[in-house]
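Peer 1: Have a look at this one before I ask anything.
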């Protein structure tokens, strides 16, 4: 057999076999991967909206809003995702917000790659808890009304200003005291 | 006997990390916690063993001129399989190891063993070599990550072992810590090897 033809045929067969294996493993794992991602999202929404046991996803003006509901279907607050640029890369944050009161319910860090022991401490309760009860009127400036982690001003600022920026957009959609 | 020799080779004499110093990109990057070290090592061992088996079986079929693309397709396929399964069933681990799982494709240990060993020997020897190299990589990066976790966080496999008064040396889990710990270990292993080599010469 012509050696070039042989090269092409062998490479083609190997690629086709590889494609088949990949398609099969994708089919097997994809439902689980989707389910994992959904569960993780739901968990973070339920954490930032105290009292919520289920969530509902809605789309408004390019922003995805998650509404937290309790067992009776009462609205407990809304949650939205935001991202700030930290010291080593993006910091993804889930923010819980009560439009009736115009106050934050809590935040959760979804993903980040900050320095361990310094910026990574934004995941600690002590840092996250200070956002509970903060009003939309607040400035969200690190070292002023937001306590920055010592040695990690950039990470702390990134979280605070990311929340402030998206909060302003969300407030435009759901005015304080209004229905949602 | 030959099989045992092939297996032991990767564990010590030609340990990929400490002796050949190949594939250390991932070894330096993921070794911030002992559990990451083990997981990364086992993922690489799986890919290495599967691809060595296929390369050894196909060694008479693959034309010499296109062998590298063939090996890469084989390695990339197994890596993607590991990537997908880890994402589905061990999401927490996947998040930590992140980009380094897909990067097993370009980890030079895998291609080096396919090219230098598996493509020249029979199935049994290829498997013995792949397991030895894979486990050699695993124990090496697990040791590095245990030292780094202990010094940088005061824990081992997530359990606190250092007392309350321990101040973590944060640099150990930062990139410079990886170089320092690995450098010291490579040096120590060189000393051990030199000592044992001298002893055999005396006899």
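Peer 1: Step by step: find N for chain A, compute 2.2 N^0.38 Å, then divide the Cα radius of gyration by it. What's the final number?
Peer 2: Working: Rg = 22.4 Å, N = 180, 2.2 N^0.38 = 15.8 Å.
Normalised Cα radius of gyration, chain A: 1.41.
Peer 1: Let me ask another. Below 8 Å, C-alpha to C-alpha, sequence gap of six or more: please give me the relative contact order for chain B in percent. Show your work: numbers first, answer last.
Peer 2: Details: 269 pairs, mean separation 70.9, N = 203.
Worked out over chain B, it gives 35 percent.
Peer 1: May I ask you to derive the relative contact order of chain A, considering only C-alpha pairs under 8 Å and at least 6 residues apart, and to give it as an integer percent?
Peer 2: Details: 294 pairs, mean separation 27.6, N = 180.
Relative contact order comes out at 15 percent.
Peer 1: Right, another one. Can you work out D for the range B:92-203 in µm² s⁻¹ from Stokes-Einstein, where Rh is the Kirkwood radius over C-alpha pairs, the temperature is 25 °C and the viscosity is 0.890 mPa s?
Peer 2: Values: Rh = 17.1 Å.
The Stokes-Einstein estimate is 144 µm²/s.
Peer 1: Note down the nm distance, to one decimal, between modelled labels 7 Å out along Cα→Cβ at residue B:171 and at residue A:64.
Peer 2: 4.2
Peer 1: Once you've got the GNM for chain A with C-alpha springs shorter than 10 Å, pick whichever of A:67, A:14, A:93 has the biggest mean-square fluctuation.
Peer 2: Among A:67, A:14, A:93, the largest GNM mean-square fluctuation belongs to A:14.
Peer 1: Is the range B:1-88 best put as rounded, prolate or oblate by its Cα gyration tensor, with a ≥ b ≥ c the root eigenvalues, rounded for a/c under 1.5, and otherwise prolate when a/b is larger than b/c, oblate when not? Before the final figure, lay out each step's value.
Peer 2: Working: a/c = 1.94, a/b = 1.22, b/c = 1.59.
It is oblate, given that a/c is not under 1.5 and a/b is not larger than b/c.
Peer 1: Per-residue ellipticity at 222 nm for chain B, helices alone: DSSP H runs ≥ 4 residues times -39500 (n - 2.57), over residue total, nearest 500 deg cm²/dmol?
Peer 2: Details: 8 runs with 135 residues, N = 203.
That comes out to -22500 deg cm²/dmol.
Peer 1: What is the helix-to-structure angle for B:34-57, meaning the angle in degrees between its Cα long axis and the longest Cα principal axis of chain B, kept from 0 to 90 and rounded to the nearest 10?
Peer 2: 10
Peer 1: In percent, what relative contact order does the range A:24-131 have, based on Cα pairs under 8 Å that are 6 or more apart in sequence?
Peer 2: Working: 192 pairs, mean separation 19.3, N = 108.
Relative contact order, the range A:24-131: 18 percent.
Peer 1: Taking N as the number of residues in the protein assembly as shown, what value does Rg over Cα atoms divided by 2.2 N^0.38 Å take? Write down the numbers at each step before the final one.
Peer 2: Values: Rg = 26.1 Å, N = 383, 2.2 N^0.38 = 21.1 Å.
Rg over 2.2 N^0.38 Å, computed on Cα atoms: 1.24.
Peer 1: Report Rg (one decimal) and Dmax (nearest whole number) for the range B:2-147, counting Cα atoms only, units Å.
Peer 2: 14.5, 45
Peer 1: Nearest 10 degrees, 0 to 90: what angle lies between the long axis of helix B:67-89 and the longest principal axis of chain B (Cα atoms)?
Peer 2: Computed tilt is about 50 degrees.
Peer 1: Continuing with this model, one more query. If neighbour count is taken as other Cβ atoms inside 10 Å, put B:100, B:179 in order from fewest to most.
Peer 2: Working: B:100 18, B:179 11.
With the sparsest Cβ surroundings first, the list reads B:179, B:100.
Peer 1: Follow-up question, since we're still on this one. Rank A:90, A:50, A:31 by mean-square fluctuation in a GNM of chain A with C-alpha springs under 10 angstrom and give only the top-ranked residue.
Peer 2: A:31
Peer 1: Take residue B:179 and residue A:176, extend 7 Å from each Cα along the Cα→Cβ direction, and tell me the distance between the two endpoints in nm.
Peer 2: 5.1
Peer 1: Which of B:110, B:181, B:47 moves the most in a Gaussian network model of chain B with Cα springs under 10 Å?
Peer 2: B:181
Peer 1: A follow-up question, please. Just the Cα atoms of the range A:1-79, one point each, no solvent: what log10 I(q)/I(0) does Debye give at q = 0.17, 0.25, 0.27 Å⁻¹?
Peer 2: -0.76, -1.07, -1.14
Peer 1: Sticking with this one: Using Cα atoms only, what is the angle between the long axis of helix A:153-173 and the major principal axis of chain A, expressed in degrees (0 to 90) to the nearest 10?
Peer 2: The angle comes out near 80 degrees.
Peer 1: Looking at the protein assembly as shown, send over the antiparallel percent of its DSSP beta bridges, to the nearest 5.
Peer 2: Working: 30 of 31 bridges.
If we restrict to bridges inside the protein assembly as shown, about 95 percent are antiparallel.
Peer 1: How many angstrom separate the Cα center of the range B:153-192 from the Cα center of the range A:120-180?
Peer 2: Centre-to-centre (Cα) distance: 35 Å.
Values quoted throughout were computed directly from the atomic coordinates according to the rules given, and no laboratory measurement underlies them. Being a predicted model, the structure only gives us computed values, none of them experimental. Cβ atoms come from the backbone with ideal geometry, glycine included; neighbour counts cover every protein chain shown.
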